[in-house]
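Visitor: My questions all concern the structure below.
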Amino acid sequence: MTRIDELRILVPVDVSETEPPPLDVLDHLGAVEVVLLGYFPVPDQAEPALLRDQYGPEATDRLDAVADEHGNPAEVLVFTHDREATIDRIADEYDCDAVLTAGRSTVVDRVLVPLRGDVNLDRILAVVADLLLAGNETATLFHSVAEDADPTQGELLLMGAVDRLVEYGVERDRVDWQLSKGGDPQTDIVELGAAYDLVVLGETEPPLRERIIGDVLSAIVDALDVPSLIVRDVE
Amino acid sequence: MSSEPRRYELEEGQMSVEGNELERTLGFIEAMTLGGGTMIGAGIFILPGIAAEAAGPASSVSYAIAGFVALLAALSLSELATGMPIAGGSYHYVNRALGGLFGAVVGWGMWTGLMFASAFYMIGFGQYLVEPIPFLDGRVFIVGLGLVGLVLLLGVNYYGTEESSAFQNVTIGVETAIILVFVAVGVFFIDPGNLEPFAPFGPSGVVSTTGIVFISFLGFEIIATVAGEIKNPSRIIPLSMILSVVLVTILYVLVMLVSTGVIPFESLGDSPIPVSDVAVTYLGPAGVVAIVFAAIIAAISSSNSSILAASRVIYAMGRDGVVTDWFNVSHPQFYTPHRAIAATGGVTALLILVGLEVETIIALLAEAASFSFLVAYSLVHISLVVFRRADPDGYDPSFALPRPLYPAVPVLGVVLSLVVVSQMATVVVVIGSGIVAFGVVWYATYTRGRVVSEGLLSEAIRGKPAEPFRVVVPVANPQTQRGLLRLAAASAHANEDRGTPELVAVNVTPVAHPSPFQNVEADRFEHQRELLESAHDIAAEMDVTLRTRTVVAPDVGEAILDVLEEEEADEAILGWDGTLERDGHVFGATVDPVVRNASCDLSLVTLRNETIGTPVALIAPGHNAPVVAHQAVEFATVDGTVPTLLNVQSPRGKSDSDAEARGRSVVVDAAEAAGLDPGEYDVQVVVADDIGRAIVEATSQYDTVCVGLSERTEGSRIPFGTVTERVVHDVPGNVALIRGS
């Protein structure tokens, strides 16, 4: 297990919308590489090429405008029938470690990292470590255990995770942890997330495209007001 | 750590924004459900009654024939789709292959065919809703419900839908499961007596029914239409197309056998909801509910696919200028091609309304849709042949029909389509021909003049535009140019299997600073003109196509290199005066850069006597050896001789026969690598202690000597062995130095 070294995140932006999404968070992530994906959702009834011919220049301008505002990252523009498949493919193609969803945060000081267990844990921690080393945020690791379960299991998980971050070179006083007992993890994360500037979530198999719509992860992402960083599960 | 390489990669990605970002997201399962799901539709729920009435129990054979015709079309479409993954499907292939006239015929035919099909599905939808409910009765209700269903569908499509494969998969799964239960249980209720006589109306009844039920197979083409989105297309496109057509055919045949086996075909023929009437006998009311449910879902999804397919065809026609692009302006808010959808819907609604007056509307619509698509697929088969023969640039299918499937599939496809069409009802043939005629008139009045699409037909008739095998000969000296051109013509002819022989004679006039205003002395131009004129005469004698080029440039060598590049020369033959190592150049100021940098096979020839005679090639192990051997064979054709491939060995203290065997194997290996037959050359092996002298002595017996130049050009030096040097100096005959590309 190694660090990721150069954290690269994919930022999907719907370029059919006139209003650019709130992406202030991008300016506060420090030295993180960004790939800006402008996607134009094409309805089943139309050919992607048809909309590209009609809206290509407009979409390019919008994407350029977003890029100009946030330090001119690399841009990719796609007209697609299937947003999730596109996000997945471009993330793969550009070797992105995580996908950022937009949200209202003007600064990034506090990061919430809910951990579900061992699933995808290595990658989540590697991304968090890179994120912290690239900026000045503090992170709270969060785990939820059932009412009747033994809490020491959860504590061990969280403390182990903190140690791991410290091993990566993160100062110990920038990381704390919180264990919740008996609540519904989903509600806990959404409620707690309101007090943070960014939430880092782990994607698990099946891939992002199925995860984003109609399951726990996407419910959380939708309910959160703040941006979230979804760590891809590429192995 | 440097991020340089990554940056580059990102910029590459950015570049592709301007190109076509195609999402290859569909795997085998997705392609199968797409093709199968689009196919399994209303046809099988609505048509068994009509089919049974016209063909009896043998209507299952009609389905099998229709499936086979669809399979042939699927095979041809597979190849075309992997060659041109672009929106438009059949219309596009025909338009490219056969030009705008047939493009217009097929485009309009497919559009109207899809409207016929859509109206057919919606009337079937009305029948399945009306019939089971006793107090609803009559044509008005059927037509009215069909219209309501259509309006709902149009509304949904006008506002646009996002891809929801999950929903589609569920509906397809439910439909298929219900049909499978129907078949699996029904098999046990077949009364063999019902299947006798099997074909009460004879073969013509079976074939004419094929024309009606062919509509049940519409939909497999969608796999070709989305070819650009399919992963591993060379495998998945043909596999999923073939398999989905075959499986659906089997399913249909079984449904038909069960239906005619359970209920006598006469009473089946009276029913507008045949499958439901069969199901009630052994699955009871629950079976009826299930079948009605499946039929309704199927009608909606089939009609929806037709509307989607129609907007794709209209898009492609608008893109090519066959219809106005006005149809393709997308809705400013929903981004759907709302005009195309509205136009399709309007005509479909009119077709449904015809059902108020015409009793046999269902069969008519089905047959008219089948007609349009049979005509379209016939032209697709012809297009495949045209593409194969014309072999245009950019057509490089990753799946090609193997022999003998090609040409059997397209030929059989056209023949069978015509047979089926010929057995159709007269009124349908009239309507269908009317639509074809409309396409022709449309082309003549609207398209022509706007569209430059010529098609590939004329190229296909002329045959493949042959790749030339091009030999470039720089000429400057009237004394040597005849000899050089003779060698070049021989080389080009000897390579006829690689392309049509073609010579390019180039003369470069050196000037210090070329400019269009500068006067080159008149006598130099005169010299150039004479030179190239006589080159034409020589070429005419030798029966080879010759083009001449004149270049004015400051540096002759650079100019020759440019010409080699532009002409994509396969071979170059340069004359050289036979001197070496002079003024700091190996062969001369002009020749050196060409030898160093040319990327084609190169022969450097010094002509010392008139006859080329019998050439000898000096074969030493190395990758130049096959080129040298082949060149000797090429030159030998000038005087119709058999060249000698020579290898000289030192005895190395062993017996001469060992050395001789060694030498022979070197020669044979090189000849084999050059693709030469043993009869095309003689072998000579000389064993001697002084190799250099032995070579000179042996080669002096021949008129022309071919020697390899090593291709290990490090830096600017042209490596040059002492053996080569001795041959050049001491051999009295013609010498050709050969360097492979």
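Visitor: Where only protein heavy atoms count, and the probe is 1.4 Å, what is the accessible area per residue for chain B in Å²? Working shown, then result.
Guide: Working: 31120 Å² over 741 residues.
The answer is 42 Å² per residue.
Visitor: Next up: Relative contact order for segment A:8-101 using alpha-carbon pairs under 8 Å, separation at least 6, rounded to a whole percent?
Guide: Averaging sequence separation for qualifying contacts and normalising by length gives 42 percent for segment A:8-101.
Visitor: Show me the ranking of peptides B:293-306, A:51-64, A:80-93 by mean Cβ neighbours inside 10 Å, starting with the highest.
Guide: Numbers: B:293-306: 23.9, A:51-64: 17.1, A:80-93: 20.8.
Peptide ranking by packing, descending: B:293-306, A:80-93, A:51-64.
Visitor: With unit charges on the beta carbon (Lys/Arg positive, Asp/Glu negative), name the residue among B:Thr249, B:Ala299, B:Gly575 whose Cα is farthest towards the positive pole of the charge dipole of chain B.
Guide: B:Ala299
Visitor: Give, as a single signed number, the net charge of other residues whose beta carbon lies under 13 Å from the beta carbon of B:Ala671, with Lys and Arg counted +1 and Asp and Glu -1.
Guide: -4
Visitor: Compare each residue of segment A:56-76 in its chain alone against the assembly with all protein chains, and report those whose accessible area goes down by 10 Å² or more; 1.4 Å probe, heavy atoms.
Guide: Buried by the other chains: A:Thr60, A:Ala74, A:Glu75, A:Val76.
Visitor: Long-range amide H contacts for A:Gly202: which residues qualify at under 5 Å (H placed 1.01 Å from N, peptide plane, sequence gap of 5 or more or a different chain)?
Guide: The list, which skips near neighbours in sequence, is A:Val231.
Visitor: Also, I was wondering about something else. Using θ = phi - 60° and the Karplus form 6.51 cos²θ - 1.76 cosθ + 1.60, what ³J(HN,Hα) does each residue of segment B:408-418 get, whole Hz, x for Gly and Pro?
Guide: Once rounded to whole Hz, the list reads 4, 4, x, 5, 4, x, 5, 4, 5, 4, 5.
Visitor: Now for a different question. Sum -39500 (n - 2.57) across every DSSP H segment of at least 4 residues in chain B, then divide by the residue count to get the 222 nm mean residue ellipticity, nearest 500.
Guide: Working: 27 runs with 435 residues, N = 741.
Taking each H run of at least 4 residues, the total per residue is -19500 deg cm²/dmol.
Visitor: Now for a different question. Roughly what angle does helix B:28-39 make with the longest principal axis of chain B, taking Cα atoms, 0 to 90 degrees, to the nearest 10?
Guide: Its long axis makes an angle of about 50 degrees.
Visitor: Pop a pseudo-label 7 angstrom from the Cα along the beta-carbon direction at both B:Ser267 and B:Val723 and give the gap in nm to one decimal.
Guide: It works out to 9.6 nm between the two label points.
Visitor: Could you state the angle between the C-alpha long axis of helix B:625-636 and the longest principal axis of the C-alpha atoms of chain B, as a value from 0 to 90 degrees rounded to the nearest 10?
Guide: 80 degrees
Visitor: Sticking with this structure for a sec: Near the amide H of B:Arg547, under 5 Å away, which other amide H atoms are found, from residues 5 or more places off or on another chain, if H is placed in the peptide plane?
Guide: For B:Arg547, whose amide H was placed from the backbone, the distant partners under 5 Å are B:Leu503, B:Val504, B:Ala505.
Visitor: I've got another one for you. Taking the Cα atoms only, what angle lies between the long axis of helix B:139-159 and the longest principal axis of chain B, rounded to 10 degrees?
Guide: 40 degrees
Visitor: Which percent of the accessible heavy-atom area of chain B goes to carbon and sulfur, probe 1.4 angstrom?
Guide: Within chain B, the accessible surface is 59 percent carbon and sulfur.
Visitor: Using each residue's phi in segment B:442-448, evaluate 6.51 cos²θ - 1.76 cosθ + 1.60 at θ = phi - 60° and report the 3J(HN,Hα) Karplus result to the nearest Hz, with x for Gly and Pro.
Guide: 4, 4, 5, 9, 9, 5, 4
Visitor: So what are the ³J(HN,Hα) numbers for segment B:339-355, from phi and the Karplus equation (6.51, -1.76, 1.60; θ = phi - 60°), rounded to whole Hz, Gly and Pro as x?
Guide: With the stated coefficients, segment B:339-355 comes to 5, 4, 5, 5, 5, 4, x, x, 5, 4, 4, 4, 4, 5, 4, 4, x Hz.
Visitor: Now for a different question. Chains A and B: how much accessible area gets covered up at their contact, both sides added, probe 1.4 Å, in Å² to the nearest hundred?
Guide: Result for this pair: about 3100 Å² buried.
Visitor: List the DSSP H helices in chain A whose Cα atoms stretch 18 Å or more along the helix axis and whose mean Kyte-Doolittle hydropathy is at least 0.5.
Guide: Length and hydropathy pass: A:121-134.
Visitor: With n ≥ 4 as the cut-off for DSSP H runs, can you work out [θ] at 222 nm for chain A, using -39500 (n - 2.57) per run divided by the number of residues, rounded to the nearest 500?
Guide: On the way: 7 runs with 86 residues, N = 235.
Rounded to the nearest 500, it is -11500 deg cm²/dmol.
Visitor: Using amide H atoms built 1.01 Å from N in the peptide plane, name the residues 5+ places from B:Ala400, or on other chains, whose amide H lies under 5 Å from its own.
Guide: none
The values are calculated or read from the model by the stated rules, or taken from the named source; none is laboratory data. As the structure is a prediction and not an experimental result, all values here were calculated from the model. Using ideal geometry, Cβ is built from the backbone for each residue, glycine included, and neighbour counts are taken over all protein chains shown. Accessible surface is based on the protein model in full, side chains and every heavy atom, while ligands, DNA and RNA are left aside. Shrake-Rupley method; radii C 1.70, N 1.55, O 1.52, S 1.80 Å.
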